[in-house]
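What follows is a set of notes on a single structure, which appears directly below.
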Amino acid sequence: MGELTRDQALQKLRKNEKLDRADLRGIDLSRASMPGAALSRADLEGANLEAVVLRKATLKNASLREAYLVGSDLQEANLENADLEGAKLDRANLSRANLARANLDGASLAGANLSGALLSFAQVSAANLTGADLRHAVLTHANFEESALGAVKAMEADMRAVNLRGAILTKADFTGAKVAGLIGTGAPLGDVLVAWLDTSEAGDGTGRITNGEIPGLLSGLRRPAAAATAPASRRYFGRGDVLKNATLDFDGGARVEIDSLFENCAINVGDGTELVIGEAGVLADCTISGAGMITVHGHFFERESPGIVGPRELVVSSGGAVVASVLQNDSLTRFAFERGSRLRVKIVK
C-alpha cells in the first residue's frame, strides 16, 4: 500500500497541497471530488478511482497501471505520458483530455468519452474501446494494434499515421476522419459505417474517397494512390534503452521518436523526416544532420559545433533543453521556443 490514507490524501488536496510523486498505490479514492488535483508522477498503481472527479487534474507521467477508473470524470485532465496499462476506464469521461504519449496497452475504455481528446503517439494496443466516442479526437501516430474498436464514433477524428493492424472495426463510424498514412487492419473489414474519408496529407479535405475505396484503405489490402503516397516509415526508441557511439540514418519522410539515452551518436535524417526527442529522451554529445523537422521535449547536447546541421524546423517545448549551435540550410529554418524551455543556442546561417 501507499504512504497516505484516503483521509490524509483528501485533506492535503483540500488544502491545495500538491501530491506530485506521492506514493498512492492501492489507495481507495472512489467517488472523491478532486478537480484540479496536482498528481504529476504520482504512483496510483492499482488504485480504486471509481467515479472520481479529476476534472482538469494534472497526472502527467503518473502511474495508473491496473487502476480502476470506471465512470470517472477526467475532462481536460493532463495525462501526458501517463502509464495506464491495464487500467479500467469504462464509461470514463476523458473529453478534451491530454493523453499524448500515454500507455494504454490492454486498457478497457468501453463506452468512454474521448471526444476532442489528444492521443498523439499514444500506445493503445490490445485495448477495448468498444462504443467509445472519439469524435474530433487527435490520434496521430497512435498505435491501436489488436484493439477492439467496434461501434466507435470517430467522425472528423485526426487519424493520420494511426496503426490499426489487427484491430476490429465492426460498425465503427469514421466518417470525415483524416487518414493519410494510416496503417490498415491487414484483414477484410466487417460492417463499417463510413460515408467518406479525408486522405489529404495536410488533412484539409482536398483528398476524399467514398464508398468502394474505403474498405481497401481501412484494411490496407488495396490502397488508393492518394493514401499510398503518405509516409509510413516509423521508428520508436523506448525508455530504458541506451545507445552509444552509433550512426543512424533515416530516409526522407520517416517519423522517429526517441525516449532513450543516446550517447556520442550521429543522426542523419532525410528531407522532411520528423524527429521527436521525447520527454524522457536524452541525446548527449550527439549530432543531427539533414533537412528534418526536430521537436525537443527532452534534452539535446551537441558533441561538436554545429551540433544541428540544416534542419527545416526546430521546436523546443516548455520542458525541453537544447545546448547546441544550429547551422541553417539554404532555405533557412523555422524556430519555435516555448516559454520555460532551457536554451543555449547559437544560430549560424
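The values are calculated or read from the model by the stated rules, or taken from the named source; none is laboratory data. All values reported here derive from a predicted model rather than from experimental measurement. For neighbour counting, all protein chains shown are included, and Cβ atoms are generated from backbone atoms with ideal geometry for every residue, glycine included. Protein only, heavy atoms only, side chains kept; ligands, DNA and RNA dropped before computing areas. Shrake-Rupley method; radii C 1.70, N 1.55, O 1.52, S 1.80 Å.
Identify, among Leu221, Ser317, Gly278, the residue whose Cα sits farthest towards the positive end of the charge dipole of the chain, taking +1 on the Cβ of Lys and Arg and -1 on the Cβ of Asp and Glu, with the dipole about the Cα centre.
Farthest along the dipole direction, towards plus: Ser317.
Each residue of segment 325-337 in turn: what ³J(HN,Hα) in whole Hz from Karplus with 6.51, -1.76, 1.60 and θ = phi - 60°, glycine and Pro shown as x?
Running phi through 6.51 cos²θ - 1.76 cosθ + 1.60 with θ = phi - 60° gives 9, 10, 8, 6, 8, 4, 8, 6, 10, 8, 10, 9, 10 Hz.
Excluding ligands, DNA and RNA, what is the solvent-accessible area per residue of segment 54-210 at a probe of 1.4 Å, expressed in Å²? Write out the running numbers ahead of the final one.
Numbers: 5250 Å² over 157 residues.
Accessible area per residue: 33 Å².
Using the Karplus equation 6.51 cos²θ - 1.76 cosθ + 1.60 (θ = phi - 60°), what ³J(HN,Hα) coupling, rounded to whole Hz, does each residue of segment 149-164 give in order, writing x for Gly and Pro?
My calculation for segment 149-164 gives 10, x, 6, 5, 10, 10, 4, 6, 6, 8, 10, 5, 6, 6, 9, 10 Hz in order.
With θ set to phi - 60°, apply the Karplus curve 6.51 cos²θ - 1.76 cosθ + 1.60 along segment 55-62 and write out the HN-Hα couplings as whole Hz, x wherever there is a Gly or Pro.
Once rounded to whole Hz, the list reads 4, 6, 6, 9, 10, 4, 6, 6.
Distance between Cα centroids, segment 279-326 to segment 1-48: provide it in whole Å.
Cα centres, segment 279-326 to segment 1-48: 36 Å.
Sorted from largest down, give the three principal axis spans of the alpha carbons of segment 267-349, whole angstrom values.
Projected onto its principal axes, the Cα set of segment 267-349 covers 29, 23, 22 Å.
So, in Å, what gap is there between the alpha-carbon centers of segment 176-224 and segment 60-76?
Segment 176-224 and segment 60-76 have Cα centres separated by 32 Å.
Check cross-link reach from Lys153 to the lysines: straight Cα distance under 21 Å, and skip same-chain residues fewer than eight apart.
Partners within reach: Lys88, Lys171, Lys178.
Determine the calculated [θ] at 222 nm for the chain from helices alone, applying -39500 (n - 2.57) to every DSSP H run no shorter than 4 residues and normalising by the residue count; nearest 500 deg cm²/dmol.
Values: 3 runs with 20 residues, N = 349.
Mean residue ellipticity, 222 nm, calculated: -1500 deg cm²/dmol.
Between Leu343 and Arg41, how high is the FRET efficiency from 1/(1 + (r/R0)^6) when r is the Cβ-Cβ distance and R₀ = 22 Å? Nearest 0.05. Don't jump to the answer; show the numbers that get you there.
Values: r = 24 Å, r/R0 = 1.10.
That pair, Leu343 with Arg41, gives E of 0.35.
Looking at the chain as a GNM with Cα springs under 10 Å, which of Val316, Val179, Val53 has the largest mean-square fluctuation?
Comparing Val316, Val179, Val53 in the GNM, the peak value goes to Val316.
Across the Cα atoms of segment 73-183, what radius of gyration and what greatest pairwise Cα-Cα distance (Dmax) are found, in Å?
For segment 73-183, the Cα radius of gyration and maximum Cα-Cα distance read 11.8, 33 Å.
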